[in-house]
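Single-structure report; data block below.
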Amino acid sequence: MKKFYYTLKNHIVWISQWFKWGFSERQLWSLDHTVTDFILPRLKAYRHGDGNKHTDGPSGTPLLSGYNAEEMTIEDDVAMREEWLDILDKMILAFEYHKLDMNDVETTNTIWLQKEEQWSDYREENERREKIIAEGLGLFAKYYQYLWD
């Protein structure tokens, strides 16, 4: 019964904080995951053109490096759009891996850390994902101001 009252009290505090600040302190415990939970579904919707039903993807593309606006051909425009969609896909994958936090990597038993081969595979996968996350979040920061439709 004590646990029930403690839980009820916390929920009341969090609700009052939500009304006061627009968020509760529990959203600050892992702010990176709170932000990921907010950004990921919106980034996916943006990528797939959910805001513009007339296009398959965002309606605009920023001028990417390697392209010249004055000398842009239709082929260049198509290539740049494809590159932009690839960049968005990298951002999305980075946020997806961050959200998963390696919880999707299956382990065969409770003492899997003691098996060197399994631990090595886990470490390799973690390092691979960390590189993808770093690249995707770097692209997100670089193109943050271009995420409008």
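The values are calculated or read from the model by the stated rules, or taken from the named source; none is laboratory data. What you see is a predicted model, and the numbers here were worked out from it, not measured in a lab. Heads up, the Cβs are rebuilt from the backbone with ideal geometry, glycines too, and the neighbour counts pull from every protein chain shown.
The rows are residues; the columns are (1) loosely packed, with under 12 Cβ neighbours inside 10 Å; (2) of a type in the set (A, V, I, L, M); (3) at pLDDT 90 or above.
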site	(1), (2), (3)
Gly22	yes, no, no
Leu31	yes, yes, no
Lys44	no, no, yes
His48	no, no, no
Ser59	yes, no, no
Trp84	no, no, yes
Phe95	no, no, yes
Asp101	no, no, no
Gln114	yes, no, no
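Of everything in region 64-77 that's assigned to a loop (DSSP other than H, G, I, E, B) and exposed (fewer than 12 other Cβ atoms within 10 Å of the Cβ), which residue is farthest from the chain's Cα centre (by Cα)?
Per the criteria, the residue is Thr73.
Take the residues in region 58-102 that are of a type outside the set (Asp, Glu) and in contact with a His (Cβ under 8 Å, 6 or more places away or on another chain), then tell me which one is nearest to Asn126 (Cα to Cα).
His98
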